[in-house]
Structure formats: structure tokens, C-alpha cells
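Have a look at the structure below before the remarks.
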Amino acid sequence: MGLNLKYTDGQTPLDDEEKVGLKIKSITTQGELDEFEQLNIERAVEWTIHTNLKSDKILTEKFIKDLHKKMYGDVWKWAGVFRKSDKNIGIKWTRIGTELKNLLDDTKYWIKNKTYSPEEIAIRFKHRIVAIHCFSNGNGRHSRIMADIIMESIFGKEIFSWHKSNMIKAEDTRKEYISALRKADNGNIIPLIEFAKQ
């Protein structure tokens, strides 16, 4: 039996080749997949807490890939590897490296010049990296953890609460999150900052 996944609004469907990358062959449902991914993510969060992360290491392509691999490496063979196909959201896959470099450079500039508040820098980073959609899957959760790492390790501030939720199950919370993302797409970052703080 293959992997039978149901996608909610804002989730990126996996193609057949990506589904083959599943390491745990006993997983057949979305619920089982969510559970295994959540365990893996919790271990990745533990790693970020116990690792002394330096700001010059965080804002690099290597760290972006390493974090994704820590988050999903127990579940997916392609964890930490940029996607190699176009998706329903995100930029053309061939532009990921260039756009990510632009984002990293912009973020360093914002930090150095205090262009925005720490919260806004972290959320602007989160919004842009999820729009780039570096990976086949897990971009939303990866971007939220990146925003938290920027807050904590670069600015020494409290991490965001993100509704104290991993947002896989809570339908209304997910709708509010997608709505805030779409407003940010149209140039209004404030609802996304507010959502992150709730």
C-alpha cells in the first residue's frame, strides 16, 4: 500500500518521486506521517536549544539546509535538499539558490542597519523563505523555526508563540495563518507578525 496523503489549504502536494523518499515504509496515512514528522521536529528544536548558534552561521544556505535535514531527516531521504521540481506555490526551482542568497543578504542588511524591529525582521525572513519554498515539503514549519532562531540567537529575544500550536490539526488557526500569509504576499506584514505573537 502506498502513501495516501490528504492536503489542506496551503500545503504542498508531493510528487510520486518525492513520496518514494519516505524512509519509514510502515507510514501509509497523513496522521502517521504527521506524527513521525512532529517527533523529528521536536528533536530538531531540542538541537537548536542546546547548540550555541552564532548569527554569522544562521544566515547561510548551509544552515538553512542543515536545519531542514535535522527536522525531517529521520522521515525523508530528501530532507535538507532543495527541491528539483516546480510546485503549486513557490518560485521556479531553478531560482531557489539565487533568491535565497538575495534573502540572506537582505536580512543581514536589515540587521546591520536596524531597518525594521527584530520581530519584523524575523517575520519578513519567514515570509520570504516560505515564498521561495526551498524544499519539497515542510517549508512552513521550517520557516517558523527559522524566525524563532533569528529572534532568540540573533536578537536575544523571546521566540514567537505561533498560537502554541504546530498548526497541523487546528483548522481555524491554520486558516488564520494562511490568511496572514496572503496579506503579507500583498505587502501587509502586520497580520503575520500579530499571528506569530498570539
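The values are calculated or read from the model by the stated rules, or taken from the named source; none is laboratory data. If you're wondering where the values come from, they're calculated on a predicted model, not measured in any experiment. All Cβ positions, even for glycine, are placed from backbone atoms using ideal geometry, and neighbour counts span all protein chains on display.
Each row is one residue, and each column tells you yes or no for (1) part of a helix (DSSP H, G or I); (2) surrounded by 14 or more Cβ atoms within 10 Å (Cβ to Cβ).
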position: Ser26; (1), (2): no, no
position: Asn40; (1), (2): yes, yes
position: Leu53; (1), (2): no, yes
position: Ile64; (1), (2): yes, yes
position: Leu67; (1), (2): yes, yes
position: Asp74; (1), (2): no, yes
position: Phe82; (1), (2): no, yes
position: Ile91; (1), (2): no, yes
Practice task
Can you work out which of the residues in the stretch 175-189 that are assigned to a loop (DSSP other than H, G, I, E, B) and not aliphatic (A, V, I, L, M) is farthest from Ile123 (Cα to Cα)?
Solution key: Asn186
Fill in the blank from the handout: Residues in the stretch 122-137 that are among the small types (Gly, Ala, Ser) and part of a loop (DSSP other than H, G, I, E, B) total 1
Problem - Options Gly156, Gly140; residue that is part of a helix (DSSP H, G or I) and closer than 30 Å to Thr51 by Cα - result: Gly140
Exercise for the section: Evaluate the stretch 93-107: report whether one residue or more is in contact with an Asp or Glu (Cβ under 8 Å, 6 or more places away or on another chain), within 30 Å of Ile27 (Cα to Cα), at pLDDT 95 or above and not basic (Lys, Arg). Expected result: yes
Exercise for the section: Look at the stretch 93-116 and say how many of its residues are surrounded by 13 or more Cβ atoms within 10 Å (Cβ to Cβ), farther than 29 Å from Leu14 by Cβ and not basic (Lys, Arg). Expected result: 5
Problem - Residue check for Ile64: touching a residue at least 60 places away in the same chain (Cβ under 8 Å), within 21 Å of His127 (Cβ to Cβ) and touching a helix residue (DSSP H, G or I) at 6+ places or on another chain (Cβ under 8 Å) - result: yes
Handout entry: Candidates Ile58, Ile49 - the one that is within 14 Å of Ile145 (Cβ to Cβ), loosely packed, with under 13 Cβ neighbours inside 10 Å and of a type in the set (A, V, I, L, M)
Key = Ile49
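Test of understanding: among Arg144, Arg95, which residue is touching a helix residue (DSSP H, G or I) at 6+ places or on another chain (Cβ under 9 Å) and either more than 20 Å from Leu67 (Cβ to Cβ) or polar (S, T, N, Q) (or both)? Break it down into steps so the answer makes sense when it comes.
Details: Arg144 fails: either more than 20 Å from Leu67 (Cβ to Cβ) or polar (S, T, N, Q) (or both).
From the options Arg144, Arg95, the qualifying one is Arg95.
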